[in-house]
Structures are given as structure tokens and as C-alpha cells.
1. Starting from the Cα of GLU35, step 7 Å along the direction of its Cβ; do the same at LYS63; then give the gap between the two resulting points in nm.
2. Need the list of lysines near LYS146 for cross-linking: C-alpha distance under 26 angstrom, and skip anything on the same chain fewer than eight residues off.
3. Pop the C-beta distance of LYS125 and ASP151 into the FRET formula with R0 = 41 Å and round what comes out to the nearest 0.05.
4. Between the range 60-76 and the range 110-161, what is the separation of their alpha carbon centroids in Å?
5. List, in order, the whole-Hz ³J(HN,Hα) value for each residue of the range 140-152 obtained from phi through the Karplus relation with A = 6.51, B = -1.76, C = 1.60 and θ = phi - 60°; use x for Gly and Pro.
6. Please report the net charge: other residues with Cβ closer than 14 Å to the Cβ of ASP151, K and R +1, D and E -1.
Amino acid sequence: MSLKPSAIAVVVVLALTNAVSYAQVPGGAATASPELVGALAKELGSTPKQAEGAAGSLFSLAKTRLNPADWSKVAGAVPGMDGLLKAAPAVAANTNAASGAAGLSALTGVAGVGGLATVANSFSKLGLKPEMIAKAVPVLTNFVGKAGGTDVGQLLAGALK
């Protein structure tokens, strides 16, 4: 059986296209917002999958705290936001959030931890320590600030306090 050169070229192009789309993350899985996930994984010392879930958890919290117009600005600054939000692990609502808030605040160094109790639970499900929230927030806010402008970065920072 012999293949025509044009058929071989099509196969090579398809193979290269597939390889490029999966080259964004070590381990072969494509990720939402590769630049942000890469920076976050480096800062946390985590896998890209853990970083993707961590970003999604924090962005999910911000989405609940921002009005729709402000959330739209933040979401617009992050390519692949829908994928990041979907990467956040599902967690049950924490009925003891208030009682654990003081301890979580001490661990994370982040004030206003009512919603962060849920994020801490997400981080735990991802195999990350809750105190890593304090390392993750500046990475996200800096990325959003560079991509969407200082004002948009400040919107996110305010939502994650």
C-alpha cells in the first residue's frame, strides 16, 4: 500500500496540530489560560491541574462577590475563564464557615474569609494547603491587572479580601 504525498502531508499536519494543542501543559492535557496556570503552578509548586482548579476556586469566589458588570471585566481579562471555573472542585457548603474563619484568616493572611472557607476546602480537595491561598491571590490579581488594566486587577483584589 502506498500513500500519496498529499495524504501524508495531511496526516502530518493533523498530528502536529494535535501535538501543539496538548503541548500547553506537561502530561498531555490542555489547560484553560496556560499563561496564568503556568505562573500559578510555579508559585504554588503544584501541578498545572492543581493550579487550574485553584484559580477556578478563587475566581468562583470573586464571581459571587462582584456585581455582574465588574465580573464581566475580570472574566474578560482572563482567556479560558469558563474552563478555569469548571476546573474548580465541587465542594459542599461549609456550615461551620464562621467558626473556622478566624483560624483560616490566621493561616492565609487574608481577611474576610467567609467565602474563603469554601476555597480552602477546594484547595484541600486539590491536594493543596489552605495557606497557599495567600500565595495564589497575588498571582491572579497581578495577571488580571496586566491583562485587563490596574482597575480590573483592583476589582479582583477587592473581591478576594
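1. 2.2
2. LYS42, LYS49, LYS63, LYS73, LYS86, LYS135, LYS161
3. On the way: r = 33 Å, r/R0 = 0.80.
E(calc), rounded to 0.05, equals 0.80.
4. 13
5. Each residue of the range 140-152 in turn: 5, 5, 5, 4, 5, x, 6, 7, x, x, 4, 4, 5 Hz.
6. Working: positive: LYS73, LYS146; negative: ASP70.
Counting the neighbours of ASP151, the net charge comes to +1.
Values quoted throughout were computed directly from the atomic coordinates according to the rules given, and no laboratory measurement underlies them. Everything numeric in this text was worked out from a predicted model, so none of it was measured. Note that each Cβ is placed from the backbone with ideal geometry, even for glycine, and that neighbours are counted across all protein chains shown.
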